[in-house]
Amino acid sequence: MNELNSTSSSECLSAFMDGELSVNESAQVLDRLLVDTQAKETWHAYQVVGDVLRSAELAPNQSDLAFLEKLEHRLSQEPQRPVVSGARQFPVTDVALVLPEDLSKPVANSPVFRWKVLAGVACSAFVIVVGGGLWSQTDPRGGGQLAIIKPVISEVPVVVATETSAGPMLRDPRLDELMTAHRQLGGHSALQVPAGFLRNATYEGAGR
Amino acid sequence: MTQMLRKWLVIFTAFCTCAWQPAIAEVPLNAWLMRVHQAARQSVYTGTFVVSAGGNMASARIWHVCDGAQQLERVETLSGTPRAIFRRNDQVITFFPQSKIAIAEVRDSLGLFPSLLKSSDSAIGDFYRLKALGNERIAGFDADVFQLVPNDRLRYGYRVWNEKKSGLIIQLQTLDLDGKVLEQAAFSELQLDAAVNVGKLSKAGNTDGYRVLRPDLLKTTADAQGWMLQKEVEGFKPMACYQRPAASSAAGLAMNGHSTMQWMFSDGVATVSLFVEVYDPQRHLRESLTDMGGATHTQTRRIDAWWVTVVGEVPPATLTTFAHALERKK
Amino acid sequence: MNPDTAVNSQDSDIVLVERTVAGDQKAYGLLVLKYQRRIQRLIGRMVRDVDLIEDISQETFVRAYRALHQFRGDAQFYTWLYRIAVNTAKKFLLELKHDPTVSENFRVNDEDDETSWRKSEPTTDEGPESILAAKEIATVVNAAMDALPADLRQAVVLREIEGLSYEEIAVAMNCPVGTVRSRIFRAREAISQRVRPLLDKQTGKRW
């Protein structure tokens with residue numbers, strides 16, 4: 001990985017974003033990123049692209065740059081922080097400000113990104129819906145249905161709803177057919193009876 | 001990577017402990033599966049079943065009875081298109097009261113278990129392990145809670161609530177690779193050993209007044225159709241293969257108008273179907289990966305003159321692996 | 001993204017945090033560029049007034065900056081930042097309890113996640129042009145994805161939306177890791193070509 005041409009360096013930047021570089025390579029990319037305006041612009045653009053792919057709501061509606069400038073101005077007025085030298089100095093005594101594990105996945109938790117075929121392309125409107133399919137387990141019977149098992153399960157089983165909202169969902173009838181066929185015939189599962197069969201029988205009609 | 005074959009000796013009332021050393025909180029998987037399965041066959045129950053997946057919910061009323069050697073079951077949907085499904089063992093009739101059409105079919109897969117488990121090829125334990133999580137009260141019953149943990153990232157995990165006495169599954173959650181619930185199927189209300197009128201339930205299979213359609217389904221093999229998997233997807237074995245001719249006589253059934261091969265795989269718990277049809281540029285617009293909400297994903301791919309759709313309750317990457325492993329025999 | 005696998009974007013966050021804590025404030029700017037939209041959306045679900053959203057978001061990043069040396073590398077950076085955002089918003093809202101522009105229905109408690117809140121958008125103190133600008137960016141990303149060759153699109157989807165590592169994508173797509181890396185890069189590059197002019201346009205600012 002060298003800085004000879006901007007394409008290969010952008011490719012390194014892309015890999016750095018994904019955490020796929022070694023410690024040394026990361027350091028080099030970061031060094032360049034901090035001084036090269038074009039590299040920073042690429043970082044910004046790639047981050048926006050990633051965000052928008054996960055949710056159209058994340059498209060910036062005002063200048064991200066303006067926000068950053070304002071912030072940097074503010075930070076320049078902060079008292080100089082004591083420099084912590086060396087890698088990874090995380091004092092053990094500090095309070096960990098962490099949320100339960102399951103909330104730490106911004107990618108998986110983002111609302112479904114509806115990515116529609118543009119109008120005018122073909123008769124069978126084909127919608128590609130990508131993203132996490134989490135659903136709500138708010139239990140009217142009160143507090144954590146899995147409360148009893150808490151000590152045994154390592155993560156807090158709080159799952160939150162992501163509704164299939166944000167726009168009408170166009171279904172592909174052919175895909176529906178295949179999914180039905182899969183459910184009808186593909187029940188070669190140890191959990192088929194009763195749960196699997198009942199699940200398929202109950203769920204087939206949903207959304208029609 | 002070759003799969004290790006393990007011989008499981010499973011006997012109905014006891015299990016052979018010599019073949020397996022239980023770890024802390026781990027439970028012998030096959031014995032558990034047998035119990036779960038037996039419970040479903042032999043229990044008499046009625047209740048309301050609710051399925052939640054990706055923000056959608058669907059529910060149905062269920063009646064189930066075991067009448068000697070035969071199992072009778074009726075499912076009446078409470079949401080979506082009105083339907084009633086009547087099952088006698090592996091024969092299934094789906095009634096559509098609005099159109100007065102009934103679709104009668106035999107679902108092989110329903111007859112497979114428990115022979116699936118008894119066979120020496122059964123290696124579910126190679127890909128999942130079972131953990132006991134404790135117990136909880138649910139839908140008015142005491143239940144044991146288990147977690148079926150996948151050994152790799154090619155498949156999803158599950159959390160299962162078994163009614164304590166019978167072993168009947170009251171609730172089943174499908175968990176994604178991070179342990180989050182993708183979908184849930186459960187009895188919101190259940191009566192076990194309820195007095196179900198067997199005679200009345202049998203009559204639910206009566207098709208008077210309905211036009212009965214039978215799907216055109218030819219049992220075949222992928223090999224005969226000219227297809228193979230260049231590389232096995234770990235744990236997933238081929239289960240069956242069907243060909244549906246183009247001119248399907250059953251209205252409202254899948255494959256209307258398009259001849260399609262359905263090649264089915266399973267690892268014993270999760271299932272995947274590979275659908276192959278002739279590529280049609282008018283209809284087959286774009287390769288994609290979709291998530292309809294819940295555990296089921298689909299992926300499409302073009303292979304030369306064919307169009308492949310992969311469907312399964314597995315992580316998307318597994319579907320992609322299938323899609324790329326399928327190839328024409330040479 | 002699986003916290004068990006060594007490779008996930010948390011690594012680049014950690015690198016940026018370390019660099020900031022080592023004295024380079026500019027590294028923090030890169031983190032801001034990455035997370036500001038998510039934080040603003042998060043705050044936007046609790047608060048209607050657009051200026052207030054920006055103020056709270058700014059304050060969030062300031063507080064995070066001050067506390068950066070306290071960030072424990074074993075949790076995800078966004079989780080930590082998220083918590084600071086929620087606490088900052090709470091503090092503001094408590095002080096503005098009687099402000100009529102503040103939305104009344106928010107529920108802000110420890111169990112909340114951004115996806116569980118009401119879906120209503122901030123009120124229209126932002127001009128229609130900025131809403132349109134956002135829509136335009138989303139449309140352009142859409143169009144660019146449509147135009148991508150299938151392999152590139154699939155690779156970037158598996159990475160950005162499913163959160164798989166390069167290794168996992170390589171197995172799924174039956175190709176070498178280097179090819180995955182290249183495909184993801186080319187997809188990103190193709191889409192950002194279309195997005196860049198719109199970003200520049202937003203306030204006429206140029207890098």
Taking the criterion of being closer than 16 Å to B:Gln230 by Cα, among the basic types (Lys, Arg) and surrounded by fewer than 23 Cβ atoms within 10 Å (Cβ to Cβ), would at least one residue in the range B:270-293 satisfy it? no
Does any residue in the range A:46-58 that is within 19 Å of C:Leu148 (Cβ to Cβ) and facing chain C (nearest Cβ under 7 Å) come within less than 7 Å, Cβ to Cβ, of a residue that is crowded, with 24+ Cβ neighbours inside 10 Å and acidic (Asp, Glu) six or more places away or on a different chain, and which pairs are these? A:Gly50/C:Glu160; A:Leu53/C:Glu160; A:Arg54/C:Glu160
Taking the options B:Ala84, B:Ala102, name whichever one is at pLDDT 85 or above, surrounded by 17 or more Cβ atoms within 10 Å (Cβ to Cβ), over 23 Å from B:Ala194 (Cα atoms) and small (Gly, Ala, Ser). B:Ala102
Pick from A:Ser22, A:Ser8, A:Ser14: which is of a type in the set (S, T, N, Q) and facing another protein chain (nearest Cβ under 8 Å)? A:Ser14
Set B:Asp121, B:Asp178: member being surrounded by fewer than 17 Cβ atoms within 10 Å (Cβ to Cβ), at pLDDT below 90, in a loop (DSSP other than H, G, I, E, B) and of a type in the set (Asp, Glu): B:Asp121
Give me the residue from the range A:19-77 that is hydrophobic (A, V, I, L, M, F, W, C) and in a loop (DSSP other than H, G, I, E, B) and, out of that set, surrounded by the most Cβ atoms within 10 Å (Cβ to Cβ). A:Leu21
Does the range C:23-46 contain at least one residue that is more than 7 Å from chain A (Cβ to nearest Cβ), modelled with pLDDT under 90, part of a loop (DSSP other than H, G, I, E, B) and in contact with a Ser or Thr (Cβ under 9 Å, 6 or more places away or on another chain)? yes
Check on C:Glu59, acidic (Asp, Glu), at pLDDT 85 or above and either touching a strand residue (DSSP E or B) at 6+ places or on another chain (Cβ under 8 Å) or not in a loop (DSSP other than H, G, I, E, B) (or both): yes
Residue in the range B:258-291 that is nearest to the chain's Cα centre (by Cα), counting only those that are of a type in the set (Ser, Thr, Tyr), more than 7 Å from chain A (Cβ to nearest Cβ) and over 11 Å from B:Thr309 (Cβ atoms): B:Ser259
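Could you list, in sequence order, all residues of the range B:257-292 that are of a type in the set (S, T, N, Q) and not in a strand (DSSP E or B)? Reasoning before the result, please.
In the first step, residues of the range B:257-292 are kept if they are of a type in the set (S, T, N, Q); the result is B:259-260, B:262, B:266, B:271, B:273, B:282, B:288, B:290.
Listed by number, the residues that qualify are B:Ser259, B:Gln282, B:Ser288.
Go through the range C:138-179 and give me each residue that's part of a helix (DSSP H, G or I) and among the charged types (D, E, K, R).
Going through the range C:138-179, the residues part of a helix (DSSP H, G or I) turn out to be C:138-147, C:150-160, C:166-173, C:177-179.
Within the range C:138-179, C:Asp146, C:Asp151, C:Arg153, C:Arg159, C:Glu160, C:Glu167, C:Glu168 qualify.
With crowded, with 17+ Cβ neighbours inside 10 Å, within 9 Å of chain A (Cβ to nearest Cβ) and over 25 Å from A:Ser63 (Cβ atoms) as the only criterion, which of C:Glu168, C:Glu189, C:Glu162 stands out?
Values: C:Glu168 fails: within 9 Å of chain A (Cβ to nearest Cβ); C:Glu189 fails: over 25 Å from A:Ser63 (Cβ atoms).
Answer to the selection: C:Glu162.
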Subset of the range C:67-92 [basic (Lys, Arg) and more than 7 Å from chain A (Cβ to nearest Cβ)]: C:Lys90, C:Lys91
How many residues are of a type in the set (S, T, N, Q), away from chain A (no Cβ under 14 Å), within 21 Å of B:Gly312 (Cβ to Cβ) and without any contact (Cβ under 8 Å) to a residue 60 or more places away in the chain if we restrict to the range B:202-244? 2
Taking into account only those residues within the range B:28-68 that are under 25 Å from B:Thr81 (Cβ atoms) and of a type in the set (S, T, N, Q), which is surrounded by the fewest Cβ atoms within 10 Å (Cβ to Cβ)? B:Thr48
Within the range B:214-229, track down each residue that is modelled with pLDDT under 85 and surrounded by 15 or more Cβ atoms within 10 Å (Cβ to Cβ). B:Pro215, B:Asp216, B:Leu217
It is to be established whether one or more residues within the range B:190-201 are over 30 Å from C:Glu167 (Cβ atoms), at the interface with chain A (Cβ under 9 Å from one of its Cβ atoms) and at pLDDT 85 or above. no
Could you check B:Gly294 against (1) at pLDDT 90 or above; (2) within 7 Å of another protein chain (Cβ to nearest Cβ) and say which number it fails? (1)
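The values are calculated or read from the model by the stated rules, or taken from the named source; none is laboratory data. Predicted, not measured: the structure shown is a model, and the values here were computed from it. Heads up, the Cβs are rebuilt from the backbone with ideal geometry, glycines too, and the neighbour counts pull from every protein chain shown.
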